[in-house]
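Let me begin by presenting the structure, written as structure tokens, before commenting on it.
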Amino acid sequence: MKPAAFAYHAPRSVEEAVALLAELGDGTKILAGGQSLVPLLSLRLARFDHLVDVGRISSLKGVRREADAVVIGAATVDAAVEADKEVAAGVPLLARATPLIGHFQIRTRGTVGGSIAHADPAAEYPAVALTLDAEMEAVSSRGSRRIPAGAFFRGFWSTDLAPDELLVSMRFPGWTGRCGFAVREFARRHGDFAIAGAAVAVQLDADDRIERCAVGLLGLGPTPLRATAAEDEARGQKADLAADELGRLVVSKLSDVPSDLHGPARYRARVGAAMVARAWNEAIGEAMRG
């Protein structure tokens, strides 16, 4: 099918883009890499009067290392993140999640900001952003603001972004010390969205106790989720705690696991528990190796 007719706009600066959003109002949508939006338009599952293509705005692209964080421009393509040494060193969890996104051809077009703004609960980048307590910077004609990941994802394909706001960057805090990171997910085929998955970050103290941890979930609710109850349970325990029990604790706290053509909620929860356990063991192993 072909998408419904729309007016196409290609601003060259952030200022021009936000001015268009303020002027055009409702019925306007940002186009980044288009890997999610274009299929929705083509299938007529979505319709907009105006598309504002931000792919030509150079200031929205690139990776910048700060003292305690890595900042990624919203229009940076996934493949650039996958190959970036600053990301690999400063945000290992993001680097390890990237190869799981679709296929290479998709990663050369899809953008980090596009994925996060689309807020698919089965996508990798939203889950990693939530796990690492990332901050999103949004700009409008009214000014700019930073939105914590915990407040950013509001519902299925829904975020805290106002209609006239443009997501311009994401700030991922770094972890230091004896840390380990892992992402595990299960999909029917390579490149498919995950049925369920987990992103785990852990930090150990000198006595091999869990000083800090974060467990993010994908595909297990209407938004990416944090397993805060399991994190609280694990914190302060020895690193050899039973990962299977932790996985079961995580899914026992879930109340809105989806059922769909890929399987009922009970099956998805069992897969999620297994992915948590595997990711946890991998992260602990890396942290123990220093």
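The values are calculated or read from the model by the stated rules, or taken from the named source; none is laboratory data. For clarity, every value in this text was computed on a predicted model and none was experimentally measured. Cβ: placed from backbone, ideal geometry, glycine included. Neighbour counts: every protein chain shown. Only protein heavy atoms, including side chains, enter the accessible area calculation; ligands, DNA and RNA are left aside. Shrake-Rupley method; radii C 1.70, N 1.55, O 1.52, S 1.80 Å.
Find the eigenvalues of the gyration tensor of the Cα atoms of the stretch 40-196, then list the square roots of 5 times those eigenvalues as equivalent ellipsoid semi-axes, largest first, in whole angstrom.
Rounded to whole Å, the semi-axes are 23, 20, 15.
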So if I place +1 on the C-beta of Lys and Arg and -1 on the C-beta of Asp and Glu, and nothing else carries charge, what would the dipole magnitude of the chain be about its Cα centre? I want it in debye, nearest 20.
660
Once normalised by the length of the stretch 161-210, the mean sequence separation of its alpha carbon contacts under 8 Å that are 6 or more apart gives a contact order in percent of 31
Sequence-separation-based contact order of the stretch 119-204, relative, with Cα cut under 8 Å and 6+ spacing, percent
29
Using Cα positions and a limit of under 26 Å, work out the lysines in reach of K253, with same-chain residues fewer than 8 apart set aside.
K238
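Ignoring ligands, DNA and RNA, what accessible area per residue does the chain give at 1.4 Å, in Å²?
Per-residue accessible area for the chain comes out at 47 Å².
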Extension gain from F6 to R44, taking 0.36 nm per residue of separation minus the Cα-Cα distance
12.5 nm
Pulled fully out, how much extra length does the chain show between M288 and F104, if you take 0.36 nm times their separation in residues and subtract their Cα-Cα distance?
63.0 nm
Can you pull the percent of the stretch 33-86's accessible area that's carbon plus sulfur, 1.4 Å probe, other chains left in place?
50
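Counting only other residues whose beta carbon sits under 13 Å from that of D207, what net charge do I get with K and R as +1, D and E as -1?
Surrounding charge for D207 is -1.
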Measure off, as a whole percent, the carbon and sulfur share of the 1.4 Å-probe accessible area of the stretch 173-287, all protein chains present.
47
What angle, in degrees between 0 and 90 and rounded to the nearest 10, separates the Cα long axis of helix 265-288 from the longest principal axis of the Cα atoms of the chain?
70
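Compute the relative contact order of the stretch 79-150 as a whole-number percentage, counting only Cα pairs closer than 8 Å that sit 6 or more residues apart in sequence.
21
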Please work out the Cα center distance from the stretch 236-290 to the stretch 91-161, rounded to the nearest Å.
22
Provide the gained length on full extension for the span E23 to A242, in nm with one decimal, where the gain is 0.36 nm per separating residue minus the Cα-Cα distance.
73.3 nm
Where is the GNM fluctuation largest for the chain (alpha-carbon springs, 10 angstrom cutoff): V38, V70, V200?
V38
Sorted by accessible surface (1.4 Å probe, heavy atoms of the protein chains only), largest first, W175, W280, W157 come out as W157, W175, W280
Roll a 1.4 angstrom probe over the protein heavy atoms and tell me the percent of accessible area of the stretch 95-148 that is carbon or sulfur.
52
At a Cα cut-off below 30 Å, give the lysines reachable from K61, other chains included and same-chain residues fewer than 8 away excluded.
K2, K29, K85
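What does the net charge come to around A127 if you take all other residues with beta carbon closer than 14 Å to its beta carbon, with K and R at +1 and D and E at -1?
-1
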